[in-house]
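Coordinate-derived values only; no laboratory data. Because the structure is predicted, anything quoted here is derived from the model rather than measured. Cβ placement follows ideal geometry from the backbone for every residue including glycine, while neighbour counts extend to all protein chains displayed.
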Amino acid sequence: MKDCLFCRIIAGEIPAKKVYEDEHTLAFEDINPQAPTHVLVIPKKHIRGLKEASPEDADMIGLCHLAAAHVARERGIENGYRTVLNVGPGAGQSVFHLHLHLLGGRDLKWPPG
Ligand code: AMP
Ligand code: ZN
């Protein structure tokens with residue numbers, strides 16, 4: 001999508017620090033990190049968010065989680081990390097291209113705020 005920030009990152013029109021890429025997913029450093037590891041994993045297909053996803057997007061969403069697990073393994077943060085989907089403005093979603101936050105490298109409190 002032309003006016004989508006993350007589609008523009010996928011297209012290479014906006015720079016990002018890429019940490020992982022495969023046929024269906026892209027992972028890059030969050031510009032405003034909330035933990036020593038704060039990576040965003042996005043599907044290359046534009047999906048607005050989890051509540052707009054359809055059954056045909058299930059594989060894509062699963063692959064984003066597996067990409068996050070791969071990055072966590074590579075970074076040696078498997079003792080404890082979190083994958084988060086903020087769904088809707090009330091949960092803090094500010095970019096409307098589905099993205100998984102991978103947070104780790106520090107103690108993570110539960111429940112999150
Ligand atoms: P959310 O609030 O769940 O929609 O997450 C959006 C995330 O995208 C935030 O954590 C932002 O810091 C991050 N972000 C916004 N613009 C960029 C960018 N150009 N490159 C990397 N991360 C970004
Ligand atoms: Zn998009």
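Ranked by Cβ crowding within 10 angstrom, fewest neighbours first, how are CYS7, CYS64 ordered?
On the way: CYS7 17, CYS64 25.
Taking fewest neighbouring Cβ atoms as first place, the list is CYS7, CYS64.
Would you mind calculating the gained length between LYS17 and ARG106 on full extension (0.36 nm times residue separation, minus the Cα-Cα distance), in nm to one decimal? Fully extending the segment from LYS17 to ARG106 adds 30.0 nm.
Between the exposed loop cleavage positions of the chain, defined as GluC sites (Glu not before Pro) in a non-H, G, I, E, B DSSP state with at most 11 neighbouring beta-carbon atoms within 10 angstrom, the longest gap is 24-77. By how many degrees, between 0 and 90 and to the nearest 10, does the Cα long axis of helix 58-75 differ from the longest principal axis of the chain? Between the helix axis and the principal axis of the chain, the angle is about 40 degrees. If one computes the Cα centroid of segment 5-58 and of segment 76-113, what distance in Å separates the two points? Segment 5-58 and segment 76-113 have Cα centres spaced 13 Å from each other. If you count Lys pairs in the chain whose Cα atoms are under 23 Å apart, skipping same-chain pairs closer than 8 places in sequence, the total is 9. Over all distinct Cα pairs, what is the inverse of the mean 1/r for the chain, reported as the Kirkwood hydrodynamic radius in Å? One over the average 1/r among Cα pairs gives 14.3 Å for the chain.
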